[in-house]
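A.B. asks: Take this structure first; my questions come after.
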Amino acid sequence: MAMNTLDKYPHARPKGWIEWAPRADTRRVLTQVQAILTQYREHLPLTVRQVFYRLVALHGFEKTEKGYSRLCEYMQKARRAGIVPFGYIRDDGWQQGAVSAYEGPQDFWQTVTAAAERYRRDKQARQPQRLAVLVEAAGMRPQIERVANVYSVPVYSSGGFDSLTAKKTLADGASEEARPCVFLHIGDLDPSGVCIFDAIAADVQAFCESAFTPRFERVAITPEQVAYYSLPTAPPKVTDRRGAGMAETCQAEALPPDELARIVRAAIEANTDLTLFAEDCEQEPQERAELLETISRL
């Protein structure tokens, strides 16, 4: 593995893999980071901001934008140096498309067999209402999917104000359902986060052409959660006129990943017929076995 050295180009932005010998104070932070990643290994990948808030809560790390920027720099170098595995950290904004193609018929049948081995029933198909989760921070989506996928609940990244296409797509999906739709939302408790939630709800409901008006439920983050978990807060930005009346703000990534998973699971189950869900779970292995048997005879 070819390495660049930071000593050779101290002021240049590193490229590719690097050799890095962090100072003692930096090594101490990285040791704390590795302990956090180990503690929440079932919820990986984490975002850097989630790691930041765990450092603040557990180790008194500097809770400022300067501190966050410093951590981002540490994590960039640590990943390039192989100190922190790339797969442990999730970056916002990255989208990857997939190409569906096969090396030949044998590869195709192996893919079909593998798909049958992963067969899962749509646990939403028989539910009295269709659920979906909206996550403001794109980097948190894999963690939420790990919880929601058990119930066949899709997860969408809903950050930003201006994705008219996304809001129309959600409304079209709700319009096609002959039953109520419920959107569970995870976003920051700040003026922007509140406005995002209100804007999505109002637009989707206005676009929806259904006898059932979609219902929106804010799952996180709430003032009650901020108080219960003693989450770090900050005053609204003075330049944000939407912040009138809001004393403190808090980001959703401040919630510990395991507690966020528990909150999402509880919200899904509160909107789910658990008897129907259990029946589908019981039927699933039998249907998977039948599929594999059919494929083996082809």
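The values are calculated or read from the model by the stated rules, or taken from the named source; none is laboratory data. On a predicted model such as this, the values are computed, not experimentally measured, just so you know. So basically every Cβ, Gly included, is an ideal-geometry build from the backbone, and we count neighbours across all protein chains shown. Only protein heavy atoms, including side chains, enter the accessible area calculation; ligands, DNA and RNA are left aside. Shrake-Rupley method; radii C 1.70, N 1.55, O 1.52, S 1.80 Å.
A.B. asks: Being in a strand (DSSP E or B), touching a His at 6+ places or on another chain (Cβ under 8 Å), of a type outside the set (A, V, I, L, M, F, W, C) and closer than 21 Å to Leu184 by Cβ, is that true of even one residue in the range 214-234?
C.D. replies: yes
A.B. asks: Inside the range 98-203, counting only helices (runs of 4 or more DSSP H) that do not spill past its ends, which hold 2 or more residues that are at pLDDT 95 or above, within 19 Å of the chain's Cα centre (by Cα) and on the phi < 0 side of the Ramachandran plot?
C.D. replies: Fully inside the range 98-203 and qualifying: 141-148.
A.B. asks: Take the conditions in a loop (DSSP other than H, G, I, E, B) and in contact (Cβ under 8 Å) with a residue 12 or more places away in the chain and apply them to Gly67. Does it pass? Steps first, please.
C.D. replies: Details: in a loop (DSSP other than H, G, I, E, B): no; in contact (Cβ under 8 Å) with a residue 12 or more places away in the chain: yes.
In short, no.
A.B. asks: Let me ask something else. Anything in the range 247-297 that is open to solvent by less than 30 Å² (accessible area, probe 1.4 Å), out of contact with any helix residue (DSSP H, G or I) (no Cβ under 8 Å at 6 or more places or on another chain) and either under 30 Å from Leu37 (Cβ atoms) or of a type in the set (A, V, I, L, M, F, W, C) (or both)? List them, or say none.
C.D. replies: Ala267
A.B. asks: Okay, next question. For the range 54-64, name all the residues that are part of a helix (DSSP H, G or I), free of Cβ contacts under 8 Å to residues at least 40 places away in the same chain and open to solvent by 20 Å² or more (accessible area, probe 1.4 Å).
C.D. replies: Once the filter is applied, which keeps residues that are part of a helix (DSSP H, G or I), free of Cβ contacts under 8 Å to residues at least 40 places away in the same chain and open to solvent by 20 Å² or more (accessible area, probe 1.4 Å), the range 54-64 yields Leu58, His59.
A.B. asks: Cβ-Cβ below 7 Å, separation at least six or inter-chain, first residue in the range 15-40 and at pLDDT 95 or above, second surrounded by fewer than 16 Cβ atoms within 10 Å (Cβ to Cβ): which pairs?
C.D. replies: Listed by first residue and then by second, the contacts come to Gln32/His59; Tyr40/Asp258.
A.B. asks: Any residue at all in the range 270-292 that is assigned to a loop (DSSP other than H, G, I, E, B) and within 15 Å of the chain's Cα centre (by Cα)? Spell out the reasoning first.
C.D. replies: Step one: filter the range 270-292 for residues assigned to a loop (DSSP other than H, G, I, E, B), giving 271-273.
Checking the rest, the ones that are also within 15 Å of the chain's Cα centre (by Cα) come to none.
No, the range 270-292 has no match at all.
A.B. asks: What about Arg80, is it at pLDDT below 95, open to solvent by 30 Å² or more (accessible area, probe 1.4 Å) and of a type outside the set (Ser, Thr, Tyr)?
C.D. replies: For Arg80, the condition - at pLDDT below 95, open to solvent by 30 Å² or more (accessible area, probe 1.4 Å) and of a type outside the set (Ser, Thr, Tyr) - is met.
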